Amino acid sequence: MAVTAPVREHSTDTARAEPPRSAGRRRARRRTYLWSYVYLAPMMVLLLVFVVYPIIASLGYTFYKWDGIGDPSDFVGLDNFRQIVHDSIFWRSLGHTFVYAAFVVPIQLILALALALVLNNKKLRFASFYRTLFFLPVVTSAAVIGVVIQLLVSNFGDSINSVLLKLHVIDQHVDWLGDPHFALGIIILVGIWHTFGYNLVYFLAGLQTIPDELYEAARLDGAGRFATFRYITIPMLRAVGVVIVILAVIGTFQIFDLVQVLTSGGPFFATEVVNTYIYHLAFGGSNANAVQPDIGLASAASFVYGVLLIAFSVVQVVVLRSLAKRRGTV
């Protein structure tokens, strides 16, 4: 009894001392979380003011015919939505947007992955310089790139035509940005080059998370480069790859400034995408259905486009997750 009594008293004292210690930890965690919310507050305020509120406000404008001056008063109900749904130019611009995404996303991702594998080689000299070089177009304004491409086409277009005529590739002079058959293709090529650096950086980050021990073990087992790429690189990149695909698709659906600067949706609506279509409705212009601005009609088009994108994004995520589950990665 003399031996065990102090032990019991010590354990009782310890038990009594634990609640204040755990309470102090909870208070410290609350202070940490509080500062986290304080740091997030400015971004949340900007998000609410410049993203959430405009979305809610524009939904109210969809029920009015309004040119943006004064307060909306001409209530038209659902007529704006009916007009958008029955407008062939809207569906044509939506088709151009999907065509742009269908070409840009797979080509860009394949090229970015291939180049990322090259730049991820630790024996490659000046790898950092090459990464910076390929990322430079991303930090360049799309409007500036559009102006430069216009100047290049106007100054060197005749030279390109002369070479192609001599090679019998074409049989007549081509106005590259003024021909409906070539304008969208040029925008796709420029779009692939402009945003290529994003996916390159994402794939490089994913490759650097793969342990070198896996590649060393594969080499010791006699696996070649193709087998290593197929059975190690691809499976380890699947989780990151899903995110990269989703971000790439969302980015291509936001195409606007490049088209607006290069062709303004022309010629004859051949390069009109949904974002330029909405812009022309909101601010008027020769490429819009009406020369006068119509904020209500543009808001209705934005809402319809947003619903279509949400539906497409949900389908995309479901399909990618189901494919991942079949391969046993989720």
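The values are calculated or read from the model by the stated rules, or taken from the named source; none is laboratory data. Model, not experiment: these values are computed from the prediction. Neighbour counts are summed over all protein chains in view; Cβ atoms, including those assigned to glycine, are modelled from backbone coordinates with ideal geometry. Protein only, heavy atoms only, side chains kept; ligands, DNA and RNA dropped before computing areas. Shrake-Rupley method; radii C 1.70, N 1.55, O 1.52, S 1.80 Å.
Can you list the residues, at least 5 places off or on another chain, whose amide H is less than 5 Å from the amide H of Tyr64, using H built in the peptide plane?
Val76
When the accessible area of the chain is computed with all protein chains present and a 1.4 Å probe, what percentage of it is carbon and sulfur?
Working: 14240 of 21120 Å².
Accessible surface attributable to carbon and sulfur in the chain totals 67 percent.
Give me the accessible area per residue for the chain, probe 1.4 Å, as a whole number in Å². Present the calculation step by step, with values, prior to reporting the outcome.
On the way: 21120 Å² over 330 residues.
The answer is 64 Å² per residue.
Under 1.5 on a/c is rounded, so check that first for the stretch 217-268, then, if it is not, pick prolate when a/b is larger than b/c and oblate when it is not; a ≥ b ≥ c are the square roots of the alpha carbon gyration tensor eigenvalues. Numbers along the way, then the final one.
Values: a/c = 6.54, a/b = 3.30, b/c = 1.98.
Since a/c reaches 1.5 and a/b is larger than b/c, the shape of the stretch 217-268 is classed as prolate.
In the set (i) -0.39, -0.50, -0.74; (ii) -0.60, -0.72, -0.96; (iii) -0.34, -0.43, -0.65, which value of log10 I(q)/I(0) by the Debye sum over Cα atoms at q = 0.08, 0.09, 0.11 Å⁻¹ was calculated from the structure you see?
So the calculated entry is the one marked (ii).
Calculated from DSSP H runs of 4 or more alone, at -39500 (n - 2.57) each and per residue, what is the 222 nm mean residue ellipticity of the chain, nearest 500?
Rounded to the nearest 500, the figure is -23500 deg cm²/dmol.
Let me know the shape class of the stretch 49-201, please: from the alpha-carbon gyration tensor, a ≥ b ≥ c as square roots of the eigenvalues, rounded when a/c is under 1.5, otherwise prolate if a/b is greater than b/c, or oblate.
oblate
Given the options Val259, Val315, His86, identify the residue whose Cα lies farthest towards the positive end of the charge dipole of the chain (+1 on Cβ of Lys, Arg; -1 on Cβ of Asp, Glu).
Val315
Taking each full run of DSSP H in the chain as one helix, which ones are at least 18 Å long along their axis (Cα atoms) and have mean Kyte-Doolittle hydropathy of at least 0.5? Don't skip to the answer; put the middle values down first.
Working: long enough: 4-47 (64 Å, -0.65); 88-119 (45 Å, 1.77); 142-166 (33 Å, 1.40); 234-253 (28 Å, 2.36); 295-326 (46 Å, 1.57).
Going by DSSP H runs, the hits are 88-119, 142-166, 234-253, 295-326.
Please find the FRET efficiency linking Leu133 to Leu48, where r is the Cβ-Cβ separation and R0 is fixed at 41 Å, and quote it to the nearest 0.05.
On the way: r = 39 Å, r/R0 = 0.94.
E between Leu133 and Leu48, to the nearest 0.05, is 0.60.
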